[in-house]
Amino acid sequence: MNRRDFIRSAGLLSLSLMMPQANGWAWAAPGAGDPNSSRLVVIFLRGAADGLNILVPYSDPAYYSLRPTIAIPKPGAELGALDLDGSFGLHPSLAPILPLWKSKSLAFVTCSGSPDPTRSHFDAQDYMESGVPGNKITATGWLNRLLSQLPDNKSPIRAINVGNTMPRILQGPISVASYEAKPSGRGSALDRPMVLSSFAQMYDGRNDELGKSFAEAVSARKVLNSRLQDEMLAADQGAPLAKNFRGFGQQLGRLFHQEPATRVAFIALGGFDTHVNQGASKGVLANNLATLGTGLSEFVTGLGPAYERTIIAVVSEFGRTVKENGNSGTDHGHGNVIWLLGGPVAGGKVYGKWDGLAQRTLFEGRDLPVTTDFRSVMSAMIEEHMKIDRKGMSFIFPDFANTDKSVLKLLRA
C-alpha cells in the first residue's frame with residue numbers, strides 16, 4: 001500500500017467512525033462549504049431495473065399483450081398506475097414521489113441509456129460508470145473526473161460514497177469519503193449455518209414425509225442459490241438490496257443538511273435483476289420501488305431549501321425485455337428510463353423519443369431502443385447545473401459531443 005492509498009483508507013475509517021449510518025456527526029473544515037453550491041447525487045439501481053414497470057406506457061395496448069402477468073394495471077383500476085400525462089403512469093409503489101411530479105421537479109427520460117449493446121451486467125455498469133461505453137481500459141470514473149473540474153473547497157467530504165467499496169464511477173485521483181451501508185434486512189433463517197445445522201440435526205435420520213420434504217427443500221435452495229449467486233453478485237456488485245436499505249434517504253438528507261461542503265454523492269442499490277417472479281403492482285420489484293420511493297421522498301424532505309440547488313439522477317445499467325419470460329419475469333434488455341429530481345429540473349414531463357412497443361420499433365425486435373444517450377442527459381445536468389465549461393466537459397466525457405439539443409429542455413430556464 002502506498003502513502004496515498006494509506007491516507008485514503010484512514011480517511012474512510014475515520015468517516016465511518018464519526019458518521020455510522022449518518023446518525024452521528026461529520027466534520028468539515030471551517031468555511032469549506034458554500035450553502036449555495038450546486039449538488040449532484042447519482043443513485044444507481046444495480047441489476048437492470050425494469051423501466052417499463054416504473055414508467056408505465058399504459059396507453060400502448062402492446063404493453064398488456066406482451067406482459068400478461070406482470071403489467072401494471074391502468075390508472076383507476078385496483079393497484080393501477082398513477083397517471084402522469086395521459087400516456088404514461090408511475091408504478092403505484094412510487095406514490096411518495098408523485099407530489100414531486102405535480103410540483104414539476106420530477107422528470108423522466110424514456111428510451112435512454114448506454115449505446116453499447118452489451119447485456120452483461122458487469123460490462124454495462126462499467127461503461128456507465130466510466131462514462132466511456134465500449135472502452136474497458138479507462139482508468140477513472142466520470143464522477144471523479146467531474147470532481148477534478150470543481151473548485152477544491154478543501155473539505156474531506158466534498159464527495160461521498162455510500163457503500164462498502166469504492167464504486168467504479170468514483171475511482172480516480174480525487175479523494176472520496178465513504179461510509180459503510182448498514183442494510184436493515186436479514187437473510188432467510190436457513191441461510192444461517194447455525195440455524196440450518198440445528199434443523200438438520202432435528203430431521204436427520206427421519207424417513208417420514210416431513211423429513212423428506214425438509215431434505216428436498218434444503219437441496220432445492222442450495223441449487224437455486226448456486227445457480228443464481230454468480231449473476232446476482234455480478235449484478236449487485238456488493239450494493240445493499242434496495243428492499244433492505246430503508247432509511248438511506250434520511251441518511252443522505254441529514255448529511256447534506258449538516259454539511260454544505262458536500263457537492264457530489266453516490267449510492268448504489270441492488271436487487272433489480274428480476275428474471276423470476278418479478279411481480280406487477282406487488283412483488284419483488286414493487287418492494288424495491290417502495291423503499292426507493294420512500295427514500296427519495298425522505299431525502300428531499302431532509303434537503304429542505306437545498307433541494308432547489310440539487311439534482312438527483314436515478315440510473316440503471318440497461319433495461320429489460322419488453323416481453324415477459326416464461327418465469328413471470330424479464331430478461332436483460334437495452335433501453336431504459338432515467339429519473340431526474342431536483343429544483344433545477346424542468347419536471348412534470350416525460351422526455352425522450354417514444355415510438356411505442358410495436359416489434360418494428362424495438363431494438364433487435366425485443367427491447368426498448370436507446371434514442372437518448374445517458375451522457376447527453378448527464379452532460380446537460382453537469383454543464384449547466386455544476387457550471388462546467390466545454391473543455392471540462394470533454395475531459396469528463398471524452399470523445400463525446402452532446403448534439404442532442406432536446407436535453408437542454410430538462411433544466412429550468
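Read-outs throughout are calculated quantities, based only on the coordinates presented, and are distinct from any laboratory measurement. This one's a predicted model, so the numbers in the text were calculated from it and none came from an experiment. Backbone-built Cβ (ideal geometry, glycine too); neighbour counts: all protein chains shown.
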*For segment 383-398, what does the Karplus curve 6.51 cos²θ - 1.76 cosθ + 1.60, with θ = phi - 60°, yield as ³J(HN,Hα) per residue in whole Hz, taken in order and with x for Gly and Pro?*
4, 7, 6, 9, 6, 9, 7, 4, 5, x, 5, 5, 7, 5, 10, x
*Collect residues whose amide H, placed 1.01 Å from N in the peptide plane, falls under 5 Å from the amide H of G333; neighbours closer than 5 in sequence don't count.*
G319, R320, T321
*Whole number please: convex hull volume per residue, Cα atoms of segment 287-368, in Å³.*
112 Å³
_Fewest-first sequence of T371, T110 by Cβ atoms within 10 Å of each Cβ_ = T371, T110
*Measure off 7 Å from each Cα along the Cα-to-Cβ vector at M202 and A346, then give the distance between these two points in nanometres to one decimal.*
6.2 nm
*Per residue of segment 338-350, in order, report the coupling 6.51 cos²θ - 1.76 cosθ + 1.60 (Karplus, θ = phi - 60°) as ³J(HN,Hα) in whole Hz, putting x for Gly and Pro.*
9, 9, 9, 10, x, x, x, 7, 7, x, x, 9, 9
*Which of the residue pairs K74/K102; K74/K323; K136/K323; K282/K409; K353/K387 have a Cα-Cα distance greater than 24 Å in the structure shown?*
K136/K323; K282/K409; K353/K387
*Compute the Rg to Rh ratio over segment 296-336 from the alpha carbon atoms, using the Kirkwood formula for Rh, and round to two decimal places.*
1.28
*asked:* Quick one: the Cα spread of segment 239-394 along its three principal axes, in angstroms, biggest first?
replied: 49, 38, 26
*Mind listing the long-range amide H neighbours of G131? Cut-off is under 5 Å, sequence gap 5 or more, other chains count too, H placed in the peptide plane at 1.01 Å from N.*
W142
_For L90, residues with placed amide H under 5 Å, excluding near neighbours_ = V56, L82, D83, L84
